[in-house]
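Just below is one structure, and these are the notes that go with it.
No value in this document is a laboratory result; all are computed from the given coordinates. All figures in this text were calculated on a predicted structure; none of them were measured in a lab. Cβ coordinates were reconstructed from backbone atoms using ideal geometry, including for glycine residues, and neighbour counts include every protein chain displayed.
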C-alpha cells in the first residue's frame with residue numbers, strides 16, 4: 001500500500017424506504033479539512049488520468065457503477081516510491097479512498113453504465129490558481145497499463 005493512503009469501508013444501512021451510506025465524517029481518523037464536495041461522472045471504458053495535487057488531499061467514493069481507481073507514488077522522499085495501487089470501488093465495493101497530496105491518481109469506468117464519483121477535497125477549487133498537475137493517461141513516466149487484465 002502506498003504510504004499515507006487510507007481506505008474506509010462504507011456501511012450501508014438499508015430499509016424498506018431505501019438506503020443510507022455515510023461517506024465521510026469529521027470524526028473519521030483520517031479526516032483533515034473540508035474544502036468542497038463535487039460530483040463527477042465517467043462513461044464506460046473512459047479513463048480520467050493522470051493528475052495530482054500539491055496542496056489538497058482527495059477523498060474519493062464511487063456511488064454508482066464501478067471504477068478502477070489507480071494511484072502512483074512518484075514522491076522522491078517516499079518509502080513507497082514507484083508503487084502502484086489499484087482499487088475497484090463502487091456499487092459492489094462501497095469504500096472511500098483517501099488520496100494524499102502528491103500522489104498521481106486516475107480512474108477508469110469499468111461498469112457498463114456511467115459511474116458517479118463523489119470527491120471531497122480538503123481545499124476548494126481555485127480557477128485562478130488550480131492545484132492540478134496533469135500527465136496523459138498513457139505517459140511512460142507511470143508504469144501502468146489501463147487495459148483489462150484477463151485470467
Flag if residue 46 is surrounded by 11 or more Cβ atoms within 10 Å (Cβ to Cβ), in contact (Cβ under 8 Å) with a residue 12 or more places away in the chain and closer than 25 Å to residue 114 by Cα: yes
Elements of type strands (runs of 3 or more DSSP E) contained in the stretch 95-151, each with 2 or more residues being under 12 Å from residue 49 (Cβ atoms): 103-109
Residue check, residue 77 touching a strand residue (DSSP E or B) at 6+ places or on another chain (Cβ under 9 Å), part of a loop (DSSP other than H, G, I, E, B) and loosely packed, with under 14 Cβ neighbours inside 10 Å: no
Residue ID - surrounded by the most Cβ atoms within 10 Å (Cβ to Cβ), chosen from residues in the stretch 80-105 that are in contact (Cβ under 8 Å) with a residue 60 or more places away in the chain and more than 17 Å from residue 32 (Cβ to Cβ): 87
Filtered residue count, the stretch 3-61, keeping only those that are assigned to a strand (DSSP E or B) and more than 30 Å from residue 147 (Cβ to Cβ): 8
Qualifying positions in the stretch 55-84 - closer than 14 Å to residue 142 by Cα and under 11 Å from the mean Cα position of the chain (by Cα): 70, 71
